[in-house]
Structures are given as structure tokens and as C-alpha cells.
Amino acid sequence: MVADGLREGILRGVLKAGQPLRQMEIAEQFGVSSIPVREALRQLEGEGLMVFYPRRGAVVSELSRDEVLEICEMREVLELLALRKAFPNLTEGDLQRAEEVLERADAQTDEELLGMWGEVNWEFHSALYRPANRPQLLGVIRNLHNRFDRYLRIHFSALDYRVKGQQEHWEILERCKRGDEGRALEELRRHILTVKEMLLEYLDGEAEEDDAP
């Protein structure tokens, strides 16, 4: 409960990069002892959402261009592997679940989708990856999605990502439906690289504004 609450606060940008996470305050907020708070903070540290500093304690981790690059490099390798392993096992039920996720997202307004994009995005991708029967691989990919979700939620509107992201999701699904593994993998790679370039361009633009006199 504590980890979920703090994670949601970080992903939504309520808890800002660099903000201290004081154990006593968190324990009081959630009505728990310090033990589950420490466990929650360790879990979030493993997910890359916070760091421990000597004398400063737990702090929400900073957003960085290097992290975007590293996450996307890992996503490209691991998610293509997951889809490749899953492809022979994909059923009509798997494809139907993925389609229902996209239809549900298309029916949402931008404001509604902003708060649920990370979960919708993961539901779609995991519907296609789960038939790989690689739970540890899926767990690593989920962790990467959680970390990347933080960037997308904060910059979702500025990136105007909804239309592009959904179009690419539909393309991936269509290739899977046709049984075209090569094109499905190609579309997935393009999808990951596109969002990487969009986000890096945006972050670079923000950095230039900060450096301007």
C-alpha cells in the first residue's frame, strides 16, 4: 500500500524530483509503522524512482536525458525479445485483449487518459508479451515501463503523444493479427525509438530554455 501510494505520487508528478521522502511523515500519512515505510522505499529504490543519500536520506530521483537513453536501449532489446518469444503462442484471446485495451483508450478524453496512460500502455504491451511465458523478463520490462511512465505522464500533453502512440499501437497489433512477425517486430522497434526521440527532443528544448540568459 505504501509503495503503491508513493509510486503513484512520483509518476503523477505530485512528488517532485529531488523532493525528500521523510519516513516519519510517510508513516503518519499512511497510518503505519516505520517498517513498511522502509520496505516501500527500498522497493522504489530498486525501481529507480528514488535514491538514498548519506545524511539526506530518501529523495525522489531526478529526471535525466541519460536515463531516457538507457531505458529505451533496454526496452528495445528486451521487448523485441519478449514479442519474438511470444509470437508463436499468441492466441485470438490475447489479440482480443490487446484490442480491447486500445479501444478503451480511444474512448477516453486527453484528460482522462493522462491519469491512466501508463497502465493502459502496459496492459497493451503485456497482453502481447505474456504468452512468451518468461515471467522474469516480463518483470524487468514492467519495471522499465514504470520508470518511463514518469516521463510520459509529466510531458504527455507537451509531447502531443496520444495520437502518435495509439497509431503505433494499432499498427503493432495489426501485424500480430496478420501473423507477420517480422513487421510486428519492426513496428515495435519504431514505436520505442519514436517516443525516445520525441522525449529527448523535448528535454533538450527544456535544457536550452533553462540555459538561456
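The values are calculated or read from the model by the stated rules, or taken from the named source; none is laboratory data. Keep in mind it's a predicted model, so treat the numbers as computed, not measured. Here Cβ is always computed from backbone atoms with ideal geometry, including for glycine, and neighbour counts include all displayed protein chains. Note: areas computed on protein heavy atoms with side chains; ligands, DNA, RNA excluded. Shrake-Rupley method; radii C 1.70, N 1.55, O 1.52, S 1.80 Å.
Obtain the nm distance between the two label points defined at GLU70 and ARG183 by a simple spin-label model: each point lies 7 Å from its Cα along the Cα-to-C-beta direction.
Going by the 7 Å Cα→Cβ label model, 3.7 nm.
Given the C-alpha atoms of the chain, compute the convex hull and give its volume per residue in Å³.
Considering the Cα atoms of the chain, their hull volume per residue is 140 Å³.
So what's the angle, to the nearest 10 degrees on a 0 to 90 scale, between helix 92-106 and the longest Cα principal axis of the chain?
The helix 92-106 is inclined about 60 degrees to the chain.
If you put +1 on each Lys and Arg Cβ and -1 on each Asp and Glu Cβ, how big is the dipole of the chain around its Cα centre, in Debye rounded to 20?
That gives a dipole near 940 debye.
In percent, how large is the relative contact order of the chain, given Cα pairs closer than 8 Å and 6 or more residues apart?
24 percent
Between ARG97 and ARG142, take the C-beta separation as r, use R0 = 22 Å, and let me know the FRET efficiency to the nearest 0.05.
My answer for the efficiency is 0.85.
If you take the Cα Rg of region 66-139 and divide it by 2.2 N^0.38 Å, with N the number of residues, what do you get?
Relative to the 2.2 N^0.38 Å estimate, region 66-139 comes out at 1.21.
Give me the dipole magnitude in Debye, nearest 20, for region 53-125 about the Cα centre, with unit charges on the beta carbon: positive for Lys and Arg, negative for Asp and Glu.
520 debye
If you average over every viewing direction, what projected area does the convex hull of the Cα atoms of region 20-69 give, in nm²?
Its average projected convex-hull area is 3.8 nm².
With the full set of protein chains in place, find how many percent of the accessible area of the chain is carbon and sulfur; take the probe as 1.4 Å.
48 percent
For the chain, modelled as a Gaussian network with Cα springs under 10 Å, which listed residue fluctuates most, ARG12, ARG104, ARG190?
Residue with maximal mean-square fluctuation among ARG12, ARG104, ARG190: ARG104.
First obtain the Kirkwood hydrodynamic radius of region 1-111 from its Cα pairs, then insert it into the Stokes-Einstein equation at 4 °C and 1.567 mPa s, and state the resulting D in µm² per second as a whole number.
Here the translational diffusion coefficient equals 76 µm²/s.
Would you list, by chain and number, the lysines whose Cα falls below 16 Å from the Cα of LYS164, excluding same-chain residues fewer than 8 positions away?
Cross-link targets: LYS196.
Using alpha-carbon pairs under 8 Å, 6+ residues apart, how would you state the relative contact order of region 69-192 in percent?
Contact order relative to length: 37 percent.
Pairing the Cα long axis of helix 161-177 with the longest principal axis of the chain, what angle in degrees results, from 0 to 90 and rounded to the nearest 10?
40 degrees
Ranked by accessible surface with a 1.4 Å probe, highest first, in what order do ASP180, ASP149 come?
Result of the area sort, largest leading: ASP180, ASP149.
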